[in-house]
């Protein structure tokens, strides 16, 4: 197929998504697959958790129509993603124990790394002393990155339009990288995921025609999307058969900055307070925006703009020839600074002992 054919498939996928989301919303309410307000959740009414159950099947169908599953060997990835989608839907419905879900994530990440070729062995010249080759540690490192990314993005799913919006922004930068080195198949495969994401944001993001979300991703959606995003990110940082690499690993860190930096900072804060790093609370960046009185209608675009800028710094810096180690050290300063600020804020707001 050529580019016009892919464009027609993408347009058809977008229109199909707009048609299928209302049906999914109806079925979600009918089968009580909904998110109820209460506690940390401040939305109004029961919201169907079917976003991922529409996005992932559409993405899969578009990939097969375009016959990209053969070119990119996507079958193992899609098999793992569909299984994760099913498990995530069970969690949305019946609330699986967090540690059980964590173990399942590790198992599926292992499956994707081993059978879907999602591993990165060369991290580039991260420290200024030559390329960092992982050797025997490659698979362990890749699995760890995928699991951490799944949890970081899942934790980002706390504001209308934020999680899906971030995945779209991150995919956008990866598409730019793929286009820049003529990774055409990867470019269109990512585009076929962006298509249903755009349609989802029509129903999930607050805008002039929608005052609140009518559908959520659910764990099924956020976990599945983050696994796919991680797979594409690693593929962009891998060298292909011709020895061409779209972007170095350090650029991936910049593209994923917002959830990674925020999640690690919150982990330190929770441990400082003597709590589990996985304990749910309202300490994330998007919660702070709300606590500061910034309306969600504006908070989500601001955080997405921040994600876009961070990704742009990484990618443009790479294209301008900025060394990997300069990009890493610069990113680390932002990470340490933000973490120190959050720790100071947490110390000032520590609950007093009785």
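Read-outs: derived from the displayed coordinates by stated rules, not from any lab. Computed from a prediction, not measured in an experiment: that's the story for all the values here. All Cβ positions, glycine included, derive from the backbone under ideal geometry; neighbour counts span all protein chains shown.
Between residue 273 and residue 207, the contour length at 0.36 nm per residue exceeds the alpha carbon distance by 20.0 nm.
Ranked for footprinting exposure by Cβ neighbours inside 10 Å, fewest first, 99, 107 give 99, 107. Calculated on the alpha-carbon coordinates, the convex hull of the range 48-107 measures out at 67 cubic angstrom per residue. Expressed per residue, the C-alpha convex hull volume of the range 232-354 stands at 130 Å³. Taking every C-alpha pair closer than 8 Å and separated by at least 6 residues, the mean separation divided by the residue count of the chain gives a relative contact order of 22 percent.
Relative contact order of the range 13-129: 22 percent, from C-alpha pairs under 8 Å at least 6 residues apart in sequence. With a ≥ b ≥ c the root eigenvalues of the C-alpha gyration tensor of the range 177-234, is it rounded (a/c under 1.5), prolate (a/b larger than b/c) or oblate? Oblate.
Give me the Debye-computed log₁₀ of I(q)/I(0) at q = 0.12, 0.19, 0.22, 0.24 Å⁻¹ for the range 77-165, equal point scatterers on Cα only, no solvent, two decimals. Calculated log10 I(q)/I(0) at the listed q: -0.47, -0.96, -1.13, -1.22. Label sites at residue 32 and residue 345, each approximated as a point 7 angstrom past Cα along Cα to Cβ, lie 3.8 nm apart. In angstrom, the C-alpha Rg and Dmax of the range 228-294 are 16.7, 52.
Within a 10 angstrom radius of the beta carbon, how do 339, 144 rank from fewest other beta carbons to most? Walk me through the intermediate numbers first.
On the way: 339 18, 144 14.
By the 10 Å Cβ count, ascending: 144, 339.
Over all directions, the projected convex hull of the C-alpha atoms in the chain averages 18.5 nm² in area. The distance between label points at residue 114 and residue 239 comes to 2.7 nm (points 7 Å beyond Cα on the Cα→Cβ vector). Between the range 160-238 and the range 294-308, what is the separation of their alpha carbon centroids in Å? First find each Cα centre; the distance between them is then 16 Å.
Going from the residue with the fewest nearby Cβ atoms within 10 Å to the one with the most, 103, 147 rank 103, 147.
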